[in-house]
Structures are given as C-alpha cells and as structure tokens.
Amino acid sequence: MRSKAYAQGLSPAASNPGGTQQTGYVIETEAGRSEVDWRNLCPESQAEAEDSLTMLDYISVDASDPSLQTSVDNRYTRVGFSLPSASKPGQGCYVEYDSFGDPECTVTQVTSEC
C-alpha cells in the first residue's frame, strides 16, 4: 500500500496535518478506500477515515479457530494465541503490526509464551 500512496503523489509529512488535511492520506485499495499514516505512508492499523478498514481486512485469519485472538486499535494489530495484558506488555504469543513505526511500520513476533 505504501507504493500506492507514493503513486498517488503522497509523501511523508513532518507533523500531523490533523483535521480535514488527514483525509488527504486516503488511498484506493482492493479492499476499499483506506487511510495511511502521515509519518511513513503505512496502512493504519484501524483507519478513521473512509471505509474505516482495519489491518484484519488485509490479512488471512482463520476466524473459525477458537484459540486465535485478535486486537486492533489505531496503532496496533495483534493476532495470536496469547495476547498481552496491560500488566504484561510485550509478553504472549502473537504477531504485532505497528502502523506508527518511525520511520517504517514494523511487524514483530512475540514468542515469550508460545
């Protein structure tokens, strides 16, 4: 999606454009219109603008697996078998997508409880 953002003429911004300027960071994807982060042009974990797509709309997740857990907020998407609690950040068995990474979005495997 970053290449689509560049092809659309977008470039990373030095600061959050905020308000209606944020809608300028929306691109067309196969799943619908989606927002990219102004810092790095990575797809936001959960977009506020347009179709409000989440990263789960772009990945294959077996929703029929009762042991699989997911968590999505504006910055992070976590998918795995043991997600972190507020009292144990960074522990569990999951993959984390961080759309606000600087300068790049990141994907991290957490395997401390696998």
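Values for this structure:
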| read-out | value |
| --- | --- |
| Options 15, 67: the member that is more than 28 Å from residue 110 (Cα to Cα), assigned to a loop (DSSP other than H, G, I, E, B) and either modelled with pLDDT of 80 or more or under 11 Å from the mean Cα position of the chain (by Cα) (or both) | 15 |
| Residue match in the range 1-11 (condition: modelled with pLDDT under 90, crowded, with 16+ Cβ neighbours inside 10 Å and part of a strand (DSSP E or B)) | no |
| Residue match in the range 34-47 (condition: free of Cβ contacts under 8 Å to residues at least 12 places away in the same chain and either under 27 Å from residue 94 (Cβ atoms) or not basic (Lys, Arg) (or both)) | no |
| Any hit, the range 80-103, residues being within 24 Å of residue 33 (Cβ to Cβ) and either of a type in the set (Val, Ile, Thr) or in the same structural domain as residue 31 (by TED's automatic domain parsing) (or both) | no |
| Residue 39 being out of contact with any His (no Cβ under 9 Å at 6 or more places or on another chain), outside the structural domain of residue 95 (by TED's automatic domain parsing) and crowded, with 16+ Cβ neighbours inside 10 Å | yes |
| Residue in the range 80-105 that is nearest to the chain's Cα centre (by Cα), counting only those that are assigned to a strand (DSSP E or B) and either at pLDDT below 90 or farther than 16 Å from residue 44 by Cβ (or both) | 95 |
| Test result for residue 56, surrounded by 12 or more Cβ atoms within 10 Å (Cβ to Cβ) and in contact with a Lys or Arg (Cβ under 7 Å, 6 or more places away or on another chain) | no |
| Some residue of the range 103-113 being surrounded by 16 or more Cβ atoms within 10 Å (Cβ to Cβ) and within 30 Å of residue 3 (Cα to Cα) | yes |
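The values are calculated or read from the model by the stated rules, or taken from the named source; none is laboratory data. Keep in mind the model is a prediction, meaning the values are calculated, not measured. Methodologically, a virtual Cβ is constructed for each residue, glycine included, from the backbone with ideal geometry; neighbour enumeration extends over all protein chains shown.
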